[in-house]
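The structure under discussion appears below in the form of structure tokens.
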Amino acid sequence: MAALACADWMAPHLDYAWFFHNDSAAGLGAPAWAGPLTTLATFACSLTLAACFLACVPRHRTWFTPLGAGTLYAYLLHGFVARSAEHEGWYGGVWLRHPTGAATLTLLAAALTTVLCTPPVRHLCQAVLEKPLRRTLTQLTGR
């Protein structure tokens, strides 16, 4: 809850360019001392949120364990859907600027993420995504 309150307070004051680490603090319109301080603060917040997330992960198998095993696929494949939607102009719709449109898009994104994590999608894409990685790891480790 503290992280949400902090994010709510910081959002209007912090340019998202800070997260890319491409510019200096002066380049982002802040004093030089703010760069290291802001970087440490965002990393500390990230570490805290990661620990909170891991504390919520169940230790036993659940109905959604197979979905968790497929998150790499959702991470790697969602870009193709997002770029296709951008290319088709789906993000330019006026309906997205209303709460109903944003909620609909959020539900569609959650459904797409779930589908991309399912075992059938993993089986279809396994040869392309996992085999090259195993081969590379074998070459790096020599095993």
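Computed from the coordinates by the stated procedures, all read-outs in this text should not be read as laboratory data. Here the structure is a predicted model, which is why all the values come from computation and not from measurement. Note: ideal-geometry Cβ built from the backbone for every residue, glycine included; neighbour counts use all protein chains shown.
Observations on the model:
- Angstrom value of the Kirkwood radius, inverse mean 1/r, which spans all Cα pairs in the stretch 2-56: 12.2
- Per-residue ellipticity at 222 nm, computed for the chain from helices alone with -39500 (n - 2.57) per DSSP H run of at least four residues, works out to -21500 deg cm²/dmol.
- Likely footprinting exposure, Cys56, Cys6, fewest C-beta neighbours within 10 Å first: Cys56, Cys6
- Fraction of alpha-carbon pairs over 23 Å apart in the chain - percent: 63
- Positive-end residue of Gly92, Ala103, Gln126, charge dipole of the chain with Cβ unit charges: Gln126
- As an equivalent ellipsoid, the stretch 65-141 spans semi-axes of 31, 14, 9 angstrom, where each value is the square root of five times an eigenvalue of the C-alpha gyration tensor, largest first.
- Residues listed by number, the stretch 75-110, amide nitrogen under 20 Å from Leu4 label point at 7 Å toward C-beta: 99-100, 102-104, 106-107, 110
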